[in-house]
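Read the structure below first, then the notes.
The values are calculated or read from the model by the stated rules, or taken from the named source; none is laboratory data. Everything numeric here is computed off the predicted structure, so don't read it as measured data. Cβ: placed from backbone, ideal geometry, glycine included. Neighbour counts: every protein chain shown.
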């Protein structure tokens, strides 16, 4: 290791070592193990530590290292024994930044076949077998000596409970004396008891910031383009697909075609042969309700719920938890999680669903058929199927328009249903000055039923005789009959200025009547008082006028309970 830096300064580099190991066939891709990652070249903690402590074969490139570069140990063709660690630039430009973590294996290539050159490029993490590959963290050496089934005696021991529970480890090679993948430690500081992988895990700058956790595996359809992060996030560019509130996954059955809309292979009734249903599914938190008890030393974990898309989980030998990718090792049936990772409109944490053709109301449980939305005051809500939808769903949804005085920003929000302005147009507008305008051909506030006592104290405003359905002046059971009744007897809101006019008119009549009573002269002997009679007639006329004008108080546009 001590002369690695010197070897790299000249032409005799990893390239030179590779020339001796590739005589007839020119290798294109080389495997390498990630020793550390460089995400921010301006960070002292990341780069300065590598310059000061890590012996790499091409240090001349450290001063210009781009983001998302790696320090790697090549392992193909015996390079783990013959070459030191090297700096590798990313193969892709910053437009595409591939995820990778210390200890994982990546593909390397040089600018010429069979030659890594003085500065290799890393492409992406190496894919591994089904029982090993994990988008959260993949330890490639688990494929060496991989068990995909138990022997007869192993099955018997597992059934009898005498077999020890096997937890996934971080083996260095195949476990034989000469079978180690990492035979040298880049920093030369490991103890004799510590192998290369554990040294990387202990010393890498980024290990402390990794979130090791179970992530469901996603089975895409052949025509889909899928981008997945390492922590249960995905963008799926495919077709309409997802388990809904009615059509639920069933892990008790084998996944065979055809299945429901959520499965890999859809039935004809669930999008199997429906064209023009392209969909972009942006989702975080698939299979969010994990089994309560994972598999640990001495205890087999819980099976996921039958209607769940969650994976089995297991503790690994570093004490963190991951998806149990090889349950057969502990005599568990891998088919018990047949629907693992499928899109689930009901249970997934957060989603933005953009589709050309879907049943958005039913799939997201806001349809009227199953009573999942309030009854309208008038008419009926229509559940749409086979229509374009954009649906945003999460436990908590916020729409925020920014205000930033430092940069003279004061935003607004518009929710608009396009239409003819004096007919079917509707909108909610939040203006920068705080004004909120709700505009529509008819606006309802509240619910159809309200069987609770009104606020104001016990008995102060008791519930209406009609149970709170509402009637009032809109032609209902107790209304005046002057306005057409809505189908469910909603109350029109009261117009203030018209109310003010009527109250003033009534009060003026009472005041005038009272003034006459105070100043009139009685004729005596039981004779009627002309002044009182005239005043009474005037007041009665005012009351009749007020009564006739009450109907003008009712809004023709805004209704409520």
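Annotation: residue 407 fulfils all but one of (1) assigned by TED's automatic domain parsing to the domain that holds residue 286; (2) more than 29 Å from the chain's Cα centre (by Cα); (3) farther than 24 Å from residue 443 by Cα; the unmet one is (1). Checking the range 271-285 against the condition returns a match, with at least one residue being under 15 Å from residue 214 (Cβ atoms) and modelled with pLDDT of 95 or more. Looking at this structure, is residue 378 touching a residue at least 60 places away in the same chain (Cβ under 8 Å) and more than 30 Å from residue 140 (Cβ to Cβ)? So residue 378 fits the description; yes.
Among the numbered conditions (1) surrounded by 22 or more Cβ atoms within 10 Å (Cβ to Cβ); (2) modelled with pLDDT of 90 or more, the only one that residue 91 does not meet is (1).
Condition check for residue 336 on (1) crowded, with 16+ Cβ neighbours inside 10 Å; (2) in contact (Cβ under 8 Å) with a residue 60 or more places away in the chain: one failure, at (1). Of all residues in the range 388-402, those being exposed (fewer than 13 other Cβ atoms within 10 Å of the Cβ) and assigned to a strand (DSSP E or B) number 1. Taken together, the residues in the range 203-236 that are part of a loop (DSSP other than H, G, I, E, B) and touching a residue at least 12 places away in the same chain (Cβ under 8 Å) amount to 21.
For the range 346-361, the criterion of a residue being over 17 Å from residue 240 (Cβ atoms), without any contact (Cβ under 8 Å) to a residue 60 or more places away in the chain and part of a loop (DSSP other than H, G, I, E, B) is satisfied by no position. Close contacts from the range 515-544, counting a first residue that is under 27 Å from residue 503 (Cα atoms) and a second that is not in a helix (DSSP H, G or I), with Cβ to Cβ under 7 Å and a gap of 6+ residues or different chains, come to 520/529; 531/520; 532/520.
Kindly evaluate residue 380 against the criterion of being in a loop (DSSP other than H, G, I, E, B) and surrounded by 13 or more Cβ atoms within 10 Å (Cβ to Cβ). Spelling it out, it is not the case that residue 380 is in a loop (DSSP other than H, G, I, E, B) and surrounded by 13 or more Cβ atoms within 10 Å (Cβ to Cβ). In the range 489-497, is there at least one residue being at pLDDT 75 or above, more than 47 Å from the chain's Cα centre (by Cα) and closer than 30 Å to residue 441 by Cβ? Checked the range 489-497: at least one residue is at pLDDT 75 or above, more than 47 Å from the chain's Cα centre (by Cα) and closer than 30 Å to residue 441 by Cβ. When we screen 309, 297, 303 for residues that are buried (at least 22 other Cβ atoms within 10 Å of the Cβ) and either modelled with pLDDT under 95 or more than 25 Å from residue 223 (Cβ to Cβ) (or both), the only hit is 309. Within the range 526-533, can one find any residue that is out of contact with any helix residue (DSSP H, G or I) (no Cβ under 8 Å at 6 or more places or on another chain), surrounded by 15 or more Cβ atoms within 10 Å (Cβ to Cβ) and within 30 Å of residue 443 (Cα to Cα)? No, the conditions are met nowhere in the range 526-533.
Just one residue in the set 81, 112 is under 19 Å from residue 195 (Cα atoms) and out of contact with any strand residue (DSSP E or B) (no Cβ under 7 Å at 6 or more places or on another chain); that residue is 81.
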